[in-house]
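Asks: Handing you this structure, nothing more for now.
What follows draws every value from the coordinates through simple rules; no lab data is involved. Not measured: the values here are computed from a predicted model. Positions of Cβ are backbone-derived with ideal geometry, glycine not excepted, and every protein chain shown enters the neighbour counts.
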């Protein structure tokens with residue numbers, strides 16, 4: 001039978017103790033050889049250093065740009081709105097309380113899934129199918 005008291009920890013290998021005299025095999029230069037950049041402390045170039053060759057991030061062409069004014073919407077599907085059935089209206093604050101979105105920024109409702117009951121949904125954007133499904137079930141769509 002397996003008990004907590006019968007468990008053993010993993011066998012660990014002792015670390016190599018460098019710089020501990022001639023007899024250890026790694027004394028004096030501590031296994032780092034004679035002189036040069038790599039024998040010194042902190043003496044290793046960064047991993048993407050290419051020995052003075054023109055680095056790849058400078059050789060490759062740069063393309064495109066990042067739009068700093070892009071609006072990021074948090075997405076919620078209609079199928080996820082079932083957990084908010086007793087609440088009226090369903091606003092971004094309610095969605096955050098229920099854990100459907102992370103922050104109360106811009107919210108977009110998408111039309112994946114079906115609605116059983118009419119819901120009053122307030123959001124910043126709705127897909128066409130989501131708007132149609134909410135209105136078909138007798139609910140109301142309000143754009144913030």
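Asks: Can you tell me the FRET efficiency between residue 22 and residue 56 if r is taken as the Cβ-Cβ distance and R0 is 35 Å, rounded to the nearest 0.05?
Replies: So the FRET efficiency works out to roughly 0.20.
Asks: If I model a spin label at residue 104 and residue 65 as a point 7 Å from the Cα along the Cα→Cβ vector, what separation in nanometres do I get?
Replies: Between residue 104 and residue 65, the simple spin-label model gives 3.5 nm.
Asks: Turning to a different aspect of this structure: Just to be sure I understand: if I project the alpha-carbon convex hull of the range 1-107 onto a plane and average over all orientations, what area do I get in nm²?
Replies: Mean shadow area of the hull around the Cα atoms is 19.5 nm².
Asks: Based on other C-beta atoms within 10 Å, arrange 134, 109 from fewest to most.
Replies: Arranged by neighbour count, lowest to highest, 134, 109 become 134, 109.
Asks: Express the Stokes-Einstein translational diffusion coefficient of the range 73-143 in µm² s⁻¹, to the nearest whole number, given a Kirkwood radius over alpha-carbon pairs, 37 °C and a viscosity of 0.692 mPa s.
Replies: 283 µm²/s
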